[in-house]
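Let me begin by presenting the structure, written as structure tokens, before commenting on it.
Only the coordinates and a few stated rules stand behind these numbers; no lab work does. All values reported here derive from a predicted model rather than from experimental measurement. Note that we place each Cβ from the backbone using ideal geometry, even for glycine, and neighbour counts take in every protein chain shown.
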Amino acid sequence: MSRQAKRKQKPEPIQWRLVVVVTFVCLLFTSLVGRAAYIQIIEPEKLRHESDMRTLRTTSRAVQRGLITDRNGEMLAVSVPVRAVYADPKTVHDRQGFEDMRRWRALADVLHLPMEDLVTRVKSSNKRFIYLKRQVTPAVAEYIKQLKLPGIRLKPESRRYYPSGEIASQLIGITNIDDKGIEGIEHTYNGWLTGKASKQKVRKSRDGKVVERLDVVEEGESPNDLVLSIDHRIQQLAYRELKKATEIHQATSGSVVVLDVNTGEVLAMVNTPSYNPNSPDKLQAYKMRNRALTDAFEPGSVMKPFVMAAALEAKTIKPDQLIKTSPGWMRIGGRQVRDSSNYGDLSLERILVKSSNIGISKIALSMPVEQLLGTYASLGLGSFSGIDLVGESTGKVRDGHRWSDFERATLSFGYGLTVSTLQIARMYATLGSEGVLYPTSVVKLKQAPEGVQVISPEVARQVMNMLEGVTQKQGTAAKAYIAGYPVAGKTGTSRKAVAGGYGEDYIASFAGVAPTHNPRLAIVVTVNEPKGDHYYGGDVAAPVFAKVMSGALQMLNVEPISQREQVRLAGVARRSK
Amino acid sequence: MTTKPQLNLTRIVLQDIWHHIWVVILAVVLVVNAAAVVFASHKSRQLTSQWDQLLQQRDKLDIEWRNLLLEEQSLSEHSRITQIATKDLGMSRPLPNEEVVVRVP
């Protein structure tokens, strides 16, 4: 009871106040919790979206086009990032961009553009994007950034440099301003060289640092580098010598192809006239053509060794046979075939050394035409060489099955069919590799590809030995003689066909393999339309051949042999015949 | 007034805690865990940002490398070397028959 008494003494709390306060506090908390739950659980999307708007960014990492190098790692094409300057005219107008004309003057100066043009172009446009200048260097880009002109922006792109310049320009080709290969190797291997920028979603903090990497929007693709089979030293040497010869003989054009006999790799492929791929605003189509493989022509006498090979293969002649060529001219089906003088009875070797049309015609007539055409075809005439570059010509024999005797004769000294310089090189490389035909390649190979035995090794060796005489003193190409490296080669001088017959222009050529005892390189030089007094292959093309061959063999560290050794080897070769 | 035995409040509290020791441990673990999550995500952000900076640095170095490549290429151009060797240094290339072959046994 005492408790009750005590309570009565104490002041009574006012109940309703308590209720109000408690209710109020409860309501307050409930509403806070409710709100939090609403934000967190029921409707979180809206705020999440707001947050993402402020922090999520898509970044892309630019990739450069792959490098092209020669077989020793020397750079032939390098991409360097540059910037494109563009204007957003609307922003320029909206933000009173033309207030400070001093800045525009500076912009025009650094871009080498007339200021009036620049300003009117931006002023008169109502587009959102116009290029002001493409491919400016990073230093200029930085300067433009510092100018802080409203609406003038920079965009990353890349520029291709070709350190070797005109030396390999037709072979490597060029890219267009959008970094796409449009010529040569750049075109063929465009997919391999081109990468794709990866796009990724990232979260950025307030100060612009990436703090979280989210999903990849677009899977990138890293570009690949390309290692060519080209040896830049040889390429350079070949270009220099060919250019010199083209100028001296006032020729229209010229080509040199250097093939590795044992793998079919192209070590050098040069053409004149050439162009500088680093200044692509003055391109001329006739300079851009890779003539060594696009231009097919009637080859002339350089085909003779293969007639010999075909006949030896078919056994219609014997290696020690003598062939009568007197009196220096011969009638076949009412047309005349002539030699430059009366050579009398010639051995097979002498026929090639003297380049006797009569001798080779008689050999060609000793076998059915199918045999000869079959040999030509198996050596790659009329088919692609495997190099896989745009515009490659396959060469051609005229269609039809009926061949007159005269046509068969002309076929033997290289008329009535067309081949490219590359194809001749491939044919000679086949002689050097003991009759194995390899597909040619401009890409460096890890191992020799599988070849096809198209001529028997003995016949190939026999023909090689016969050709060694060509560069000796009495041969047609004494100028192709190289001290230290015995050469097996053949000259060619063919008239160019014009409408209704043959004109006064020539193609001088020399094709050869060296060193004969252990062949390494096959080189073909063709000079188109030499204008001077000299137009024979032995005078125009042979000196180029000699310089390129001896230089290239030295660069490849091929051991030269002494004069005595050379004589001894020649003796062995003669006896083995 | 009956005197009740004096209750030790601290003891009761401790006893109570002991009684629910697992709950308490879990609560502590929870808090520590939450802190660790915060710490780890902070660390991860820092590392990500560092990674990104390194990537950017790599790109910059790659660009520099490409420019240096071009420079090297133009300085080491064969024709330039040949010219310096022949003109300035008076060197010449031996002909094939002047070459001396040294065989390493």
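See the values below:
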| quantity | calculated |
| --- | --- |
| Calculated log₁₀ intensity ratio I(q)/I(0) where the Debye formula runs over C-alpha points of the stretch A:345-389, q = 0.15, 0.25 Å⁻¹ | -0.54, -0.88 |
| Average beta-carbon neighbours from other chains, 10 Å sphere, peptide A:72-82 | 3 |
| Span-rule helices in chain A, defined as complete DSSP H runs reaching 30 Å or more along the axis (Cα) with Kyte mean at least 0.5 | A:15-37 |
| Farthest positive-ward along the protein assembly as shown dipole, Cα basis, beta-carbon charges - from A:A141, A:Q462, A:P114 | A:A141 |
| Between 0 and 90°, nearest 10: helix B:21-75 axis offset from chain B longest Cα axis | 10 |
| Residue exposure sequence - A:D345, B:D52, A:D533 - by fewest surrounding Cβ within 10 Å | A:D533, A:D345, B:D52 |
| Extreme residue, positive dipole direction of the stretch A:4-95, given options A:L32, A:V63, A:G73 (C-beta unit charges) | A:L32 |
| Between helix B:9-19 and chain B: long-axis angle, C-alpha atoms, 0 to 90°, nearest 10 | 60 |
| The protein assembly as shown: projected area of the alpha-carbon convex hull, averaged over directions, in nm² | 58.7 |
| Trypsin sites (Lys or Arg not before Pro) within the stretch A:164-273, DSSP loop, no more than 16 other Cβ atoms inside 10 Å | A:K180, A:R206, A:K209 |
| Counting all C-alpha pairs of the stretch A:157-269, share separated by more than 17 Å (%) | 69 |
| Potential extension, A:R134-A:A37 segment - 0.36 nm per residue separation minus Cα distance | 29.5 nm |
| Compactness of the stretch B:12-89 as Cα Rg over 2.2 N^0.38 Å, two decimals | 2.81 |
| Size of electric dipole in the stretch A:125-239: Cβ of Lys, Arg +1 and of Asp, Glu -1, about Cα centre, debye, nearest 20 | 1020 |
| FRET efficiency for A:T59 and B:V32, using Cβ-Cβ distance with R0 set to 41 Å, rounded to 0.05 | 0.70 |
| Neighbour-limited loop hits for trypsin sites (Lys or Arg not before Pro), the stretch A:251-307 (at most 13 other Cβ within 10 Å; DSSP other than H, G, I, E, B) | A:K282 |
| Sorted by Cβ density within 10 Å, fewest first, the residues B:S49, A:S550 | B:S49, A:S550 |
| Distance (nanometres) between label positions extended 7 Å along Cα→Cβ at B:S44 and B:E72 | 4.1 |
| Chymotrypsin sites (Phe, Trp or Tyr not before Pro) within the stretch A:110-173, DSSP loop, no more than 12 other Cβ atoms inside 10 Å | A:F129 |
| Charge dipole of the stretch A:232-576 about the Cα centre (unit charges at C-beta), most positive-ward option of A:V524, A:T252, A:Y481 | A:Y481 |
| Which of A:L312, A:L56 has the fewest Cβ neighbours within 10 Å, and the rest in rising order | A:L56, A:L312 |
| Centroid-to-centroid separation of the stretch A:228-285 and the stretch B:30-67 [C-alpha atoms, Å] | 50 |
| Electrostatic dipole magnitude of the protein assembly as shown [Cβ: Lys, Arg +1; Asp, Glu -1; Cα centre; debye, to 20] | 3020 |
| Sites excluded, GluC sites (Glu not before Pro) in DSSP loops with at most 10 other C-beta within 10 Å, longest stretch of chain A | A:220-449 |
